[in-house]
Amino acid sequence: MATVDVRPEAPPREHPPVSDTALWVSVLTGPLVFLLNLQINYVMVDWACNTGNDWSLHVVHLVCLAVSAAAGFLGFSMWRRIGAEWPDPGAGSVSRSRLLAMVGALGGALFAISIFAQWITVMVLGTCPRA
């Protein structure tokens, strides 16, 4: 008579509580928008100085600030939906999702503050250097 080894059934795969795409969008949007803001303003400042259209730089700063703040809010809202706790040392998709959501929330806030700090220089100093 032949013996058959019966393997135990694999544990069910743990599904993340929120979308991985939304988590990564909240984490990466802040830094990317900050760099985009820096580059667009670098390209536009000469044109704005020559034409006197300072409003265009203010619009770029405002849009980038809003997008970065929205990414931070997305991360914060996902963190609250998962369970508003700090990431724990345990493994699993819930812990990973909490960590990424909080990184997205804090990163969005940090880069929104950085974009606002860049905007202050345009408001105070203007676009054209004064001789």
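Observations on the structure shown:
- Flag if Trp79 is surrounded by fewer than 16 Cβ atoms within 10 Å (Cβ to Cβ) and over 10 Å from the mean Cα position of the chain (by Cα): no
- In this entry, Asn50 is excluded by the filter for residues that are assigned to a helix (DSSP H, G or I) and either at pLDDT 90 or above or buried (at least 17 other Cβ atoms within 10 Å of the Cβ) (or both).
- Qualifying positions in segment 7-27 - modelled with pLDDT under 80 and either farther than 16 Å from Gly83 by Cβ or assigned to a helix (DSSP H, G or I) (or both): Arg7, Pro8, Glu9, Ala10, Pro11, Pro12, Arg13
- Answer from Ser68, Ser114 - the residue that is hydroxyl-bearing (Ser, Thr, Tyr), farther than 15 Å from Val18 by Cα and buried (at least 20 other Cβ atoms within 10 Å of the Cβ): Ser68
- Qualifying residue in segment 102-122 (condition: at positive phi and either at pLDDT 95 or above or assigned to a loop (DSSP other than H, G, I, E, B) (or both)): no
- Looking across segment 82-94, the residues that are assigned to a helix (DSSP H, G or I) and buried (at least 16 other Cβ atoms within 10 Å of the Cβ) come down to Ile82, Val94.
- Filter result for the condition that a residue is surrounded by 15 or more Cβ atoms within 10 Å (Cβ to Cβ) and either in a helix (DSSP H, G or I) or touching a strand residue (DSSP E or B) at 6+ places or on another chain (Cβ under 9 Å) (or both), over Val59, Val45: Val45
- Within segment 58-98, considering residues that are farther than 12 Å from Gly30 by Cα and of a type in the set (Ser, Thr, Tyr), the one modelled with the lowest pLDDT: Ser93
The values are calculated or read from the model by the stated rules, or taken from the named source; none is laboratory data. Every value quoted in this text rests on a predicted model; they were computed, and no experiment measured them. Methodologically, a virtual Cβ is constructed for each residue, glycine included, from the backbone with ideal geometry; neighbour enumeration extends over all protein chains shown.
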